[in-house]
Amino acid sequence: MTQWGFLVDERKCTGCKACEVACKQRNKLEPGGPRLRRVQVTESGEFPDTKVVRFSMSCMHCADPACMKVCPANAITKDEDGAVIAHRDKCIGCHYCFFACPFGVPQYREDDGTMIKCDLCADRRTMGLDPACVHTCFYGALKAGPLNELSEMSQGTAQPFTSDTQPSVVTIGHED
Amino acid sequence: MSSSLLCTTACSADAAAEGASDITANVTDAISDGNPYGADKIVPVICTCGDVCGMVHTANAYVKDGAIVYYEGNADGNNAGHLCPRGMAGLEIINSPNRIKYPMRRTNEKGVQGEFERISWDEAIETVTDAIVTAINESGPRTVAFGTASAHPGNQMLEVGGAVMRKLFNFDTGSGPGGCWNDLKIGPVATLGDMYHALEHDPFHSKLIIFWGDNSAMAKPQEWGASWGEAKFEHGAKIVSIESRISETSEKADIYLPVRPGTDSYLAMAMANVIITEGLQDQEFIDKYTVGYEEFKEVALRYTPELVEQITWTPADKIREVARLYATTKPAMIEIGRGGNQTGGKNSDAGWMMGRAVTCLIPLCGQVGVRGSGLSLETSVGAFNGNIFHWNMGKTYSAPTNRVKPLFETDQKAASGVWGTSKVLYERDPYGYRVFVTNGNVAGSTGDYAKAEAAFKQMDLVVMHNRIINWTGSAFADILLPACSWAEEYVWRPDWEYSGVSAPAIDPMFECRNDLDIFRTIAITLANKLNLGLSDEEVWPWATDKDFMAQILCNDDIKAEFQKRVDEGKEKFAPFAEGDIDFIASQAFGVPNPYYAGQEEFLPYQAKYYTNNGAPADDPEALWFPTDGGNGKALFKADFLTTASNGVLPALPIPCEPQDSYYAEGNPIESGNWELSDTVKNGYDFVAVGKAHQHWQFLSFNQDMDGGPGSRLLREAFETASMPSCLLNPADAERLGVEDGDTVTIESLYGKIEGVNVILSQTVMPKTVVPPAHWAPAQTKLYPYSLSLERLDPSVRGAVLPPVVGPFSDGGTKRTSGGAQNCQSGVLCKVYKA
């Protein structure tokens, strides 16, 4: 299994949220309900030296996912690309995955009482297509693929996003 | 509408000849029934969706059983598969529960969000045509305004269709204020003779790029991704951003210079001051290629960084840093955007003066003649003096309009120019509009809302044809006509190197009709009611919108033009010379522009392009500025501005205050009076940073009935899209006793916006407020209704700029104009808790 993940280039992101909209659209999610990709925007400093940081995040597809460990219904698995999949048909909506996830990724679906999260566009992957978020980004701020390839693509400038769960995300331009 | 100047080496017509891209191949070779998502077909549709960034992007509509089951960017379009958030919300808009599904009639009073009841198409057409006939018979055909107004239609077929209607029936345009960019060209054309916009690859050669009042990182996602951003990330260009707030582009900049709205010309002269006093100017260049340097220098010497810092709120040391950097880094380019020209007003030249003063820096430092230097002007229409130019709008408009003639005579003269039509709309002088048929959003986008409200309330009938009804339709329409979305009709959208074209992906939804069909029905019904005794075809020669598009893109003239390019060895034009509309409409990359002349090789200010302006024929690459007077020199002193305006406009770039002056007697360096104006002293001490575009809205298309964005996904993604909000600097908020999430009133001399949600942000310059632009009618309540050059005599207003010269000119002698709506930024305000 070659672990897939995302490259998030914070130098390039302008916070346009096309990735959020593309994701909602691909997942046929209604406005107001779960939003599987969210761009977190934070400001620091004072005018005119303000720094704006944007981090587009869906699921970290961790190598050692906390969600999978705690799920009492065995509803979470990793597929052949290492993507962490929450299976709707097995989910009992207990929220344990949300509590365990260091990033607060899984969201509750009111309409059927299950949790939902990014599946790295599983169907698009089988068709050789980029995830909807990556496909739509004008700025080249998002890439998806085998993590080692993403690191190579970034010529070593990408840094892994750190956490005990080993998130499968590398970033460029990220400052802690 | 702005430029999208792509490198032609990436033309997809060539790619199509070689075979589809990898992504396209995968899309059609998938797991279920041959197409992803079980689609029967994948149809490229031109995105005129969301908000028309101005570029031509192609989406893929995956269609199954006549419905769109998936939607995303088309990889073969020049957007290379990407869509911005507005574009990506396209399917949501197409399927929106708020779409106008059938004709409707208003049931409540005007001026508030509309309530409507369903009527039949027959009843709607009866009502509309009866009102038009009455207006024609009682008051003359000019009292009917027919066509787009203010908001761009996206699908340019509408504009041409409107032009045909107006020719047939002698209607007015009702176009109102005119393009927000149109006076941006006055300065550059005066100084340099043209308004060049960089080609995609030009910035790759720049060592330094200054974005002045230009937020391309947000407003031009494609240009940023493929051009400016690539220059920064891949080619090492240093970026400077000069802005009245920290915009998305400012965040990408190496150096950010804050500037009080409307004071860009002061800042430019301060930079000139530094360059001249430190001997950094390119004196050899100046001596050889410019006019009026001594007079310019005399002015510049008055604008020391220390004095200007007090005026523009830009730190003096930063002014020095950027001035030195610009003078000593070659090649360096300046991209001027629409941030500054909107601060001019009835009595202020601050708007157009920005471009005038800034462009003087270019010849001052000899930043001309090599790729990566010079000017890039953010504007919508090209071809001022033979530079990179847009699809030839004149020729393509004339293809359908030449096929019809007026169906009856009238003595009534049309309102002329942007000033004329505005006078008719707002002053009802010399006549007022009785019937107004539009898909635009005049009341949601012009200043002086009270005036717009009064104007629309006075009309007999207001008709809105659109897919989602914007504020103008909501507050003032009597009749709503349901229009097709871009996925349900033929779309033609011209740009620079190509026109985007697409065929419908699905049938019209609900009872929608495409706008051309709507126009056709109205035209034929009118002709019958006016007893003109004509057959349907004699009134409107095109049975369908497809026929109309074929008239534009498959007529003999354009086929000959395509063929000429083929004869020159440009094979990619060959398939288009056949005139097959089905082939043309299927090309995701669009139709290549046959009127351009090797854009990828173009470098401005070369003599070979201006032999009809006096440039020497024997030295084709000599430097030549196609300025007024035909001496080939850049004009620090442009005497023609004064003579053409009968003495009103200055020949030199003398900075001036915006419409609401901060100082008692205008420019304090010139007047000597540094006392603050009464307006400021009376508590209007915030400056509004108007027209600040957002990722979720530029031009108020797909604006919903409450004045906010039609897309609920965008409302969810952005706090400023969820309700009318302003941005305030936290220090100012503390001073006002206001917190994040409070409600405030923003009040100017011209009106006020109440109920504004407060968002605190350190991207806001202290003593400024970013009002809720793009929430109608909020923004329009703060600003006056104002057009540039109104101080000029009507007889000269439209003829300030020199005639167009260069290889694509027709050699005419007609002077032109650059006036348009201004004063949408820079007014002085009070901000207080509700």
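The values are calculated or read from the model by the stated rules, or taken from the named source; none is laboratory data. Bear in mind that the values here come from a model prediction, so they are computed numbers and not experimental data. Cβ placement follows ideal geometry from the backbone for every residue including glycine, while neighbour counts extend to all protein chains displayed. Just so you know, the surface numbers come from the protein's heavy atoms only, side chains and all, with ligands and any DNA or RNA stripped out. Shrake-Rupley method; radii C 1.70, N 1.55, O 1.52, S 1.80 Å.
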Average partner coverage of A:21-30, which counts Cβ from other chains inside 10 Å: 6
Around B:Ile136: net Lys/Arg minus Asp/Glu count, Cβ-Cβ under 10 Å: +2
Protection-proxy order for peptides B:62-71, B:681-690, B:180-189, each taking the mean of Cβ atoms within 10 Å per residue, highest first: B:180-189, B:681-690, B:62-71
Positive minus negative residues near B:Trp624 (Lys, Arg vs Asp, Glu; Cβ under 11 Å): -1
Average other protein chain Cβ within 10 Å of Cβ, residues A:124-135: 5
Pairs beyond 30 Å (Cα-Cα), from B:Lys185/B:Lys608; B:Lys546/B:Lys572; B:Lys395/B:Lys570; A:Lys143/B:Lys41: none
Karplus-derived HN-Hα couplings along segment B:194-209 (A = 6.51, B = -1.76, C = 1.60, θ = phi - 60°), whole Hz, x at Gly and Pro: 8, 9, 3, 10, 4, 6, 4, 8, 3, x, 5, 9, 7, 8, 9, 10
Summed side-chain charge close to B:Ser376 - residues other than B:Ser376 whose Cβ falls under 14 Å, Lys, Arg +1, Asp, Glu -1: -3
Protection proxy ranking of B:312-323, B:728-739 - average other beta-carbon atoms within 10 Å, highest first: B:312-323, B:728-739
Per-residue HN-Hα couplings for segment B:430-439 [Karplus 6.51, -1.76, 1.60; θ = phi - 60°; Hz; x = Gly/Pro]: x, 8, x, 6, 9, 10, 10, 10, 8, 10
Hz values of 3J(HN,Hα) by residue in segment B:415-429 - Karplus curve (6.51, -1.76, 1.60), Gly and Pro given as x: 4, 10, x, 5, 6, x, 5, 5, 5, 5, 5, 9, 9, 6, 10
Residues with amide H under 5 Å from that of B:Ser761, placed H, sequence gap 5 or more: B:Leu728, B:Asn729
B/A buried area, accessible surface, summed, 1.4 Å probe, Å²: 3700
Across chain A: Cys residues that no other cysteine approaches within a C-beta distance under 4.7 Å: A:Cys13, A:Cys16, A:Cys23, A:Cys62, A:Cys71, A:Cys91, A:Cys94, A:Cys101, A:Cys121, A:Cys137
Nonlocal amide H pairs with A:Ile76, under 5 Å, H built at 1.01 Å: A:His87
Two-site label geometry, B:Glu295 and B:Phe583: point separation in nm, points 7 Å out along Cα→Cβ: 5.7
Within segment A:107-155, GluC sites (Glu not before Pro) in DSSP loop having at most 12 other beta-carbon neighbours inside 10 Å: A:Glu110
Tensor-based shape of the protein assembly as shown (alpha-carbon gyration tensor, a/c under 1.5 rounded, otherwise prolate or oblate): rounded
Test item: Cα-centred dipole of segment A:4-172, Lys/Arg +1 and Asp/Glu -1 on Cβ, debye: 280
Links that overshoot a 18 Å alpha carbon limit, given the list B:Lys564/B:Lys814; A:Lys24/B:Lys101; A:Lys12/A:Lys51; A:Lys69/A:Lys90: B:Lys564/B:Lys814; A:Lys24/B:Lys101
Most to least packed among B:513-522, B:633-642, B:536-545, B:646-655 [average Cβ atoms within 10 Å]: B:513-522, B:633-642, B:646-655, B:536-545
10 Å Cβ neighbours from other chains, averaged over peptide B:716-724: 3
Using a Förster distance of 56 Å, the FRET efficiency for B:Trp121-B:Lys564 (Cβ separation, nearest 0.05): 0.80
